[in-house]
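The values are calculated or read from the model by the stated rules, or taken from the named source; none is laboratory data. Here the structure is a predicted model, which means the values were calculated and not measured. Positions of Cβ are backbone-derived with ideal geometry, glycine not excepted, and every protein chain shown enters the neighbour counts.
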Amino acid sequence: MIYLDNASTTPLDSGVLEKMMPYLTASFANPDSQHGAGREAALAVLNARDTLSKIIGCKSENLYFVSGGTEAGNWAVKGACAAQSDAGRHLVVSAIEHPALIESALDLRKFGYEVTFVNPDADGVIQPSAVADALRGDTAMCAVMHANNETGVIQPVEEIGAICKKAGVFYYCDCVQTAGVLPFPVGHCDALGLSAHKFYGPKGVGAIYISPTAKINRLISGGKQERGLRAGTTFVAGAVGCAAALECAVKSAAENNAAVSALRSSFEDNVLREIDGVHVNGAGARLPAHSNLSFDGCDGENILFLLDMKGIAVSTGSACSAGAVKQSHVLKAMGLSDSRIRSAVRFTFGKYNTFEEVDEVVAELKSAVAKIRRC
Ligand code: PLP
């Protein structure tokens, strides 16, 4: 298989798995247990938290292990609104957020909250002035991601953070796509989230940083884990794997970003030269891995299917629900035409891809597009 869906998930790095293995086997104890084996597991979690917080640039007591980006986003939206309900019942959420954020905000409408969705410009960038215009005296929280998962477009989160800070509004920054690629905007937000499976770590574990001055309620109640703010027995191997993966990603970020960017450039240069009627979606500054392209006269789902038949894994921004294909909300918010949205395919490169794979994908893509256009 040629895997060009690295924004969706990445393979587990073998070095990371090696570090996780003891906690999946012999050192299986519950880190909350009082005995020696429990203390050994607790030490592993403590070290993992320490490693992650040093990389993020925060204190370890302000970092909480969660199940991933979805839980982090739910906690930020629902927890911040619950803690700020006296201030008001209004949220500002960018229209290009991951469904974890959008659906969390929409859930709150049942409890009397009003949501303002801020659209990006045609290049996929959420303008700070648009966020400033959306904030109100009763805004409880704001969510604008660090970079978008479909286009890779990087958002001006420092400016947005400054606007929220001035307005006294809790600001959550979803860093799921940027962790291990860009520095964390820790000084510019009240909370940020990351997910290990996006940087060659295990699925089902991530972390959320919450500023010590931020007001937020817990989402999951129960035991006293994570200082009483996130109940549930800690996924020790996951915490260890998350830290090992981020450490590895950050250590080789410059080198990896350059390599992935070179693969993406070679891919886009060749596609634009070899195939007519191709458009790049998201002209703002992008993460190195992402290439979101639209192909005139094609349906993205058909391209995906034909490439899949050749063992090439890519994705479209659309989602299938109840048998119907739902358009990408990200490309729609950018104001792209229906035909351009329908014909979009996302290719995302990773550290295990090669130039030979790029050449093969370009050739297969050229033949798939020609085949669809002939029909
Ligand atoms: N936020 C963004 C930007 C994502 O890309 C994803 C996953 O695709 C998530 C949140 C959800 O993360 P997880 O899969 O860890 O729940």
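Look through the range 197-239, keep the residues that are assigned to a loop (DSSP other than H, G, I, E, B) and of a type in the set (Ser, Thr, Tyr), and return whichever of them is surrounded by the most Cβ atoms within 10 Å (Cβ to Cβ).
Filtering first and then ranking leaves Tyr200.
Report yes if some residue within the range 207-223 is under 20 Å from Ser94 (Cβ atoms) and within 14 Å of the chain's Cα centre (by Cα); otherwise report no.
yes
In this structure, does Gly222 turn out to be touching a helix residue (DSSP H, G or I) at 6+ places or on another chain (Cβ under 8 Å) and not aliphatic (A, V, I, L, M)?
It is false that Gly222 is touching a helix residue (DSSP H, G or I) at 6+ places or on another chain (Cβ under 8 Å) and not aliphatic (A, V, I, L, M).
Out of the residues in the range 330-346 meeting the condition of being of a type in the set (Val, Ile, Thr) and assigned to a helix (DSSP H, G or I), tell me which one is nearest to Gly282 (Cα to Cα).
Residue satisfying both the conditions and the ranking: Val330.
Out of Ala259, Ala283, Ala313, I need the residue that is over 30 Å from Lys59 (Cα atoms), within 16 Å of the ligand (Cβ to nearest atom), surrounded by fewer than 21 Cβ atoms within 10 Å (Cβ to Cβ) and more than 17 Å from the chain's Cα centre (by Cα). Which one?
Result: Ala313 is the single residue among Ala259, Ala283, Ala313 that is over 30 Å from Lys59 (Cα atoms), within 16 Å of the ligand (Cβ to nearest atom), surrounded by fewer than 21 Cβ atoms within 10 Å (Cβ to Cβ) and more than 17 Å from the chain's Cα centre (by Cα).
Looking at Leu52, Leu43, can you tell me which residue is of a type in the set (A, V, I, L, M, F, W, C), assigned to a helix (DSSP H, G or I) and surrounded by fewer than 22 Cβ atoms within 10 Å (Cβ to Cβ)?
Testing whether each residue is of a type in the set (A, V, I, L, M, F, W, C), assigned to a helix (DSSP H, G or I) and surrounded by fewer than 22 Cβ atoms within 10 Å (Cβ to Cβ) leaves just Leu43.
List, please: which pairs have Cβ atoms under 9 Å, are six or more places apart or on different chains, and start with a residue in the range 55-70 that is closer than 18 Å to Glu247 by Cβ and end with one that is basic (Lys, Arg) and more than 12 Å from the ligand (Cβ to nearest atom)?
Sorted first by the residue in the range 55-70, then by its partner, the pairs are Ser60/Arg49; Ser60/Lys54; Leu63/Arg49; Phe65/Arg49; Phe65/Arg230.
Between Val77, Val93, Val144, which is touching a residue at least 60 places away in the same chain (Cβ under 8 Å), within 16 Å of the ligand (Cβ to nearest atom) and among the aliphatic types (A, V, I, L, M)?
Exactly one of Val77, Val93, Val144 is touching a residue at least 60 places away in the same chain (Cβ under 8 Å), within 16 Å of the ligand (Cβ to nearest atom) and among the aliphatic types (A, V, I, L, M), namely Val77.
Pull out all pairs, ordered by first then second residue, where Cβ-Cβ is under 7 Å, the residues are six or more apart or on different chains, the first lies in the range 200-221 and is within 19 Å of Val176 (Cα to Cα), and the second is away from the ligand (no atom under 16 Å from the Cβ) and among the polar types (S, T, N, Q).
Within 7 Å, the pairs are Tyr209/Asn62; Ile210/Asn62; Ser211/Asn62.
Show the residue pairs that are 6+ apart or on different chains and have beta-carbon atoms under 8 Å apart, the first residue being within the range 1-15 and over 13 Å from Ser195 (Cα atoms), the second being in a strand (DSSP E or B) and away from the ligand (no atom under 16 Å from the Cβ).
Here the result reads Met1/Ile312; Ile2/Ile312; Leu4/Ile312, each pair linking the range 1-15 to a residue that is in a strand (DSSP E or B) and away from the ligand (no atom under 16 Å from the Cβ).
Could you list, in sequence order, all residues of the range 48-102 that are under 29 Å from Gly282 (Cα atoms) and in contact with a Pro (Cβ under 8 Å, 6 or more places away or on another chain)?
Correct list: Ser94, Ala95, Ile96.
For every residue, the table says whether it meets (1) within 14 Å of the ligand (Cβ to nearest atom); (2) at pLDDT 95 or above; (3) of a type in the set (Val, Ile, Thr).
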site: Glu159; (1), (2), (3): no, yes, no
site: Ala167; (1), (2), (3): no, yes, no
site: Val181; (1), (2), (3): yes, yes, yes
site: Val186; (1), (2), (3): no, yes, yes
site: Asp190; (1), (2), (3): no, yes, no
site: Ser195; (1), (2), (3): yes, yes, no
site: Ile210; (1), (2), (3): no, yes, yes
site: Ala214; (1), (2), (3): no, yes, no
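Regarding Ser265, is this residue touching a His at 6+ places or on another chain (Cβ under 6 Å) and among the small types (Gly, Ala, Ser)?
Spelling it out, it is not the case that Ser265 is touching a His at 6+ places or on another chain (Cβ under 6 Å) and among the small types (Gly, Ala, Ser).
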